[in-house]
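First up is the structure itself, then whatever we jot down about it.
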Amino acid sequence: MNIDHFATVRNSRGGDQPDPVLAALIAEQAGADGIVVHLREDRRHIRDRDVYLLKQVITTKLDLEMATHEDIIRIACDLKPEMATLVPEKRQELTTEGGLDVVSNLNNIKEANKRLHDAGIKVSLFIEPSMDQIDASLETDADMIEIHTGVFAEHKTEEGKVEELDKIEAAAKYAHDNHLTVNAGHGLDYNNIKLFRTIHTIDEVSIGHSVVARAMFVGIDQAVREMINLIKHGTQ
Ligand code: PXP
């Protein structure tokens, strides 16, 4: 469960409510298997205080989404989350746009992976469903990939979605066959998540916006439980 947007609401008033750390604890009690936060260079939502507090109080695992900026790598190595997901980051974007170009940034990512590994952190690379990006990810010694599902989620037609899903499934199989753990995320919601139930090579999904949006109407507990039911049983 990605809790960034609880921090977005908190920061909109400059105060300390709602506390994303409390949201994480409620999400865990509702069954979330892990908590994801993106510590952005501009700290637009999650802040340093949040990540250090989360590390202390959550009981599942912390996935720190991050770019390969020097100060963020230093924080990650000090924080030691269970895993880090490397993402591209642009200052002006509303959310992460597209996957990491591992092919073109091989040395930079290799170096970041090594530093994170030395600190005992597992590394996942957020990439498009592309065999070239998977091959490059293998070269960097990454433990996992997270397949970017944004293109799939944004397709307006069923045919377009199915075509993109086929690409995701083939990429997941290729990565899995090459001993990478495969996660997926971005734009997944209460409707499109059902299509993922048949892809058994995907280990975890990372979901934020749709669950936070639903939580505004039904509460965090119910919103998380409904999503988990859809993932596990195909019914809300
Ligand atoms: N995975 C990654 C790498 C992301 O950057 C995001 C967005 O923060 C998500 C998953 C979750 O996406 P969404 O908020 O659309 O569910």
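What follows is calculated from the coordinates using simple rules that are stated; it is not laboratory data. Not measured: the values here are computed from a predicted model. Here the Cβ is made from the backbone with ideal geometry for all residues, glycine too, and neighbour counts use every protein chain on show.
So what is the 222 nm mean residue ellipticity for the chain from helices alone, if each DSSP H run of at least 4 adds -39500 (n - 2.57) and you divide by all residues, rounding to the nearest 500 deg cm²/dmol?
Numbers: 10 runs with 110 residues, N = 236.
Mean residue ellipticity, 222 nm, calculated: -14000 deg cm²/dmol.
Restricting attention to the chain, close to 0% of DSSP beta bridges with both partner residues there are antiparallel.
Phi angles of the range 20-30 translate, via the Karplus equation with coefficients 6.51, -1.76, 1.60 and θ = phi - 60°, into HN-Hα couplings of x, 5, 5, 4, 4, 5, 5, 4, 4, 5, 7 Hz per residue; Gly and Pro are given as x. Assign one of three labels to the range 76-122, namely rounded, prolate or oblate, based on the Cα gyration tensor with a ≥ b ≥ c the square roots of its eigenvalues; rounded applies when a/c is under 1.5, prolate when it is not and a/b is larger than b/c, and oblate otherwise. It is oblate, given that a/c is not under 1.5 and a/b is not larger than b/c. Stretching Lys114 away from Leu94 to a fully extended chain increases their span by 4.3 nm, per 0.36 nm per residue minus the current alpha-carbon distance.
What relative contact order, as a whole-number percentage, does the chain give when Cα pairs under 8 Å and 6 or more residues apart are counted? Can you show the working numbers first?
Numbers: 421 pairs, mean separation 38.4, N = 236.
Computed over the chain, the figure is 16 percent.
Checked against a 31 Å cut-off, the cross-linked pairs Lys80/Lys173; Lys114/Lys156; Lys122/Lys194; Lys110/Lys232; Lys61/Lys194; Lys61/Lys232 give Cα-Cα distances beyond that limit for Lys114/Lys156; Lys110/Lys232. For the range 103-236, a Kirkwood hydrodynamic radius built from all Cα pairs, placed in the Stokes-Einstein relation at 10 °C and 1.306 mPa s, yields a translational diffusion coefficient of 101 µm²/s. For the chain, the alpha carbon convex hull comes to 120 Å³ per residue, rounded to a whole number.
One decimal place: the segment Lys173-Glu41 gains 44.2 nm when fully extended, by the rule 0.36 nm per residue minus the C-alpha distance.
Taking R0 as 41 Å, what's the FRET efficiency between Leu138 and Thr60 from their Cβ-Cβ distance, rounded to 0.05?
On the way: r = 27 Å, r/R0 = 0.67.
My answer for the efficiency is 0.90.
Available extension along the chain between Thr198 and Met216 is 3.5 nm, counting 0.36 nm per residue and deducting the alpha carbon span.
Model label points for Arg13 and Tyr190, set 7 angstrom from Cα along the Cα-to-Cβ axis, are 2.5 nm apart.
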